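Here the structure comes first, spelled out in structure tokens, and everything after it is commentary.
The values are calculated or read from the model by the stated rules, or taken from the named source; none is laboratory data. Please read these numbers as outputs of a predicted model, since none were measured by experiment. Ideal geometry is used to build each Cβ from the backbone, glycine not excepted, and the neighbour counts take in all protein chains shown.
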């Protein structure tokens, strides 16, 4: 490098060495950037953009604004106390006619149904009748066509629709909703589920993480201390399931755990139980299957950290008079902490998003937030709710990560 | 120096490759063909044998098949994004009514089909569908477990008399009705009661009594699997699936035909389908009595063309949900009710299940 720089400096074009060096440096950086670019684009388009879009969907909903433009515009001046005036009803009649003609009533009804379940169909049918109206006064006629148009809560919902942004989905995701006159109230018990759901998700994730640590730590220790010829074999046994698809492993657990599955039959043959135990479609099945699937994620980081701890440390401690447990606890264990932290964090965060496994081996009250996100995405097509739940889950995950970072320090984490 | 030049070229190649992948693919040439989407499984196999293949032979139109699980969201997404790849879809009439009202389906032009709506069972139900098939939801049980099995739906809710897990499909349709009937509501009043908040409350309360004993399943095909594995002792299932399991897999299942809940499947055409004409040709062929009877002979579902029932093999007839014997104490699943209430009740149901 030095000789090259000297050569460059001697070239007759009179350019200072510093400029030349920065130019070379800049070209090298550019080349590195171009090499990274495909991945960067991929992450941007395949990951950052959809997630950003999802976060946006959680608060953005312009259904009413675009499909009922006249009504929402007329309502911006409404004080929200009594029913709106005749001009607003005239705007409503226009909007209903237009929506009926453009067959966009379904979308409006669906949006209203989210907040006022059961009203959607009445609103659609009132639009059918309203489409034949030709002259006012609209206010008494529309209320006569369908009393929903005389309801305060319908109008305050429409007024909220005049903004393209709504906290409704986020509120609903934590079991709050709008009351009849637009105040925020707790959801009634028959529809309040999400607080439970988030707590349940958290509890299952913590439980599974603890179990994987409990089961994984001794195995990792064994792997790290055994002679290579045994540990390699053991390693293959740990890693082999890791290479199998998650779905296959979950189905395998169904086979093992079901009423007349391998485990129940075996326990009955050994006369340990007389009736088949309920091992599946409940919390037991969920925890067992998830722990099995997550085990390598916790184990491998711990193992690779243990590999780097020189055995001589323990021997030194022992030779200085420490008992076997004391030496382990005071000398060895603290050194494995970065691995434990990495493994547990990995498992915990992955657990938060589980959805297939609880769906297959869990009962109805083992379903985690992921299952509701899937439900809203695929079945109800309520992408606002799906996005809001996703956004809350993501934020909670990032928050936990932040707290973890403050407590343990991410830079101390080691994957090996 | 040469090495770095090579690296530059390599990087460029990677980039151009990436952009090449991202560029929209040009559509392939579409000949005379259409895509029919149904629920898969043996019933789609029977459709293929009795209807799709003879139709292709007669008309020269190639039939592609796809499978879905009744997710109307997929149809909505296709129509909204104007990329309709399904031309004829098998759907519940309630959902068809919902989609019809919002303009997601093509209204059926019966004149163009050359058919009379009144010659079909419930031909008038929806403007966007041609009645395809009559299906029956029944309670099936394991004869080995209960030689003297449940006789009424009240028995299904009686966990003392008939202990064991029950399999139900995870949706409000049929389950709320059965709960009310078991609670003593007469068949003719079921939907009247279910339209009131107190009726909904009553249905959920009745379901609460067996909640601990319910194994929920997602797709209707899982019912036979759960029964066969001994995971449940009885389950709500489509009658044709159970008949198939008894006849073709030798399972010891028994059907309780009492309080059968029958409903229809309809063929619909998503709005903006690129092969509407081929779809109409298909529907006109399918609606003939003989192909329908052929279908029922393979798959014991009821035909919708009123003339077809007479053409069905007499040995098969007792297995069909709309055989005269079974209709005595049967409930017609009210498509109109569900198209109006399904959003509301599904929300409530989803939460109730997960609690």
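Here are a few things to note about the model shown:
- Yes/no for residue B:63 being away from chain A (no Cβ under 14 Å) and crowded, with 21+ Cβ neighbours inside 10 Å: no
- Among (1) farther than 21 Å from residue A:208 by Cα; (2) away from chain B (no Cβ under 14 Å), the one test that residue A:276 misses: (2)
- Candidates A:276, A:301, filtered to the one that is surrounded by fewer than 22 Cβ atoms within 10 Å (Cβ to Cβ) and out of contact with any strand residue (DSSP E or B) (no Cβ under 8 Å at 6 or more places or on another chain): A:276
- Test: residue in segment A:371-385 that is farther than 26 Å from residue A:249 by Cα and away from chain B (no Cβ under 11 Å): yes
- Set B:103, B:123, B:60: member being out of contact with any strand residue (DSSP E or B) (no Cβ under 9 Å at 6 or more places or on another chain), modelled with pLDDT under 85, over 30 Å from residue B:230 (Cβ atoms) and not assigned by TED's automatic domain parsing to the domain that holds residue B:162: B:103
- Of the helices (runs of 4 or more DSSP H) lying entirely inside segment B:86-172, those carrying at least 1 residues that are within 14 Å of another protein chain (Cβ to nearest Cβ) are B:93-101.
- Hits in segment A:120-137 - residues which are part of a loop (DSSP other than H, G, I, E, B) and within 14 Å of chain B (Cβ to nearest Cβ): A:131
- The set of residues in segment A:253-287 being touching a helix residue (DSSP H, G or I) at 6+ places or on another chain (Cβ under 9 Å), part of a helix (DSSP H, G or I) and without any contact (Cβ under 8 Å) to a residue 40 or more places away in the chain consists of A:255, A:256, A:262, A:263, A:264, A:284.
- Filter result for residue B:191 (modelled with pLDDT of 95 or more and closer than 15 Å to residue B:334 by Cα): yes
- Any hit, segment B:274-289, residues being under 30 Å from residue A:372 (Cβ atoms) and touching a strand residue (DSSP E or B) at 6+ places or on another chain (Cβ under 7 Å): no
- Number of the condition not met by residue B:194 [criteria: (1) over 21 Å from the mean Cα position of the chain (by Cα); (2) buried (at least 22 other Cβ atoms within 10 Å of the Cβ); (3) more than 26 Å from residue B:346 (Cα to Cα)]: (3)
- In the condition set (1) touching a residue at least 12 places away in the same chain (Cβ under 8 Å); (2) touching a helix residue (DSSP H, G or I) at 6+ places or on another chain (Cβ under 6 Å), residue A:350 is compliant with all but (2).
- Among residues of segment A:356-370, those that are in a helix (DSSP H, G or I), modelled with pLDDT of 90 or more and facing chain B (nearest Cβ under 8 Å), counted: 0
- Helices (runs of 4 or more DSSP H) wholly inside segment A:139-238 that include at least 1 residues being at pLDDT 90 or above and under 30 Å from residue A:303 (Cβ atoms): A:194-225
- Just one of (1) within 14 Å of chain A (Cβ to nearest Cβ); (2) touching a strand residue (DSSP E or B) at 6+ places or on another chain (Cβ under 8 Å); (3) in contact (Cβ under 8 Å) with a residue 40 or more places away in the chain fails for residue B:69. It is (2).
- Selection status of residue A:161, away from chain B (no Cβ under 14 Å), surrounded by fewer than 18 Cβ atoms within 10 Å (Cβ to Cβ) and within 29 Å of the chain's Cα centre (by Cα): no
- Which numbered condition residue A:74 fails, given (1) at positive phi; (2) in contact (Cβ under 8 Å) with a residue 12 or more places away in the chain; (3) surrounded by 14 or more Cβ atoms within 10 Å (Cβ to Cβ): (1)
- Sole exception among (1) modelled with pLDDT under 90; (2) over 16 Å from residue B:339 (Cα atoms); (3) surrounded by 19 or more Cβ atoms within 10 Å (Cβ to Cβ) for residue A:113, by number: (2)
- Residue ID - farthest from the other protein chains (Cβ to nearest Cβ), chosen from residues in segment B:328-355 that are part of a helix (DSSP H, G or I), in contact (Cβ under 8 Å) with a residue 24 or more places away in the chain and more than 23 Å from residue B:210 (Cα to Cα): B:335
- Applying the set (1) farther than 16 Å from residue A:380 by Cα; (2) in contact with a strand residue (DSSP E or B) (Cβ under 6 Å, 6 or more places away or on another chain); (3) modelled with pLDDT under 90 to residue B:84 leaves exactly one unmet item: (3).
- Restricting segment A:89-109 to residues that are in contact (Cβ under 8 Å) with a residue 40 or more places away in the chain and under 19 Å from residue B:79 (Cβ atoms), the residue that is nearest to the other protein chains (Cβ to nearest Cβ) is A:107.
- Tally of residues being under 26 Å from the mean Cα position of the chain (by Cα) and surrounded by fewer than 16 Cβ atoms within 10 Å (Cβ to Cβ) across segment A:250-273: 2
- Qualifying residue in segment B:238-248 (condition: outside any helix (DSSP H, G or I), in the same structural domain as residue B:151 (by TED's automatic domain parsing) and surrounded by 22 or more Cβ atoms within 10 Å (Cβ to Cβ)): yes
- Residue A:208 being closer than 17 Å to residue A:71 by Cα and more than 14 Å from chain B (Cβ to nearest Cβ): no
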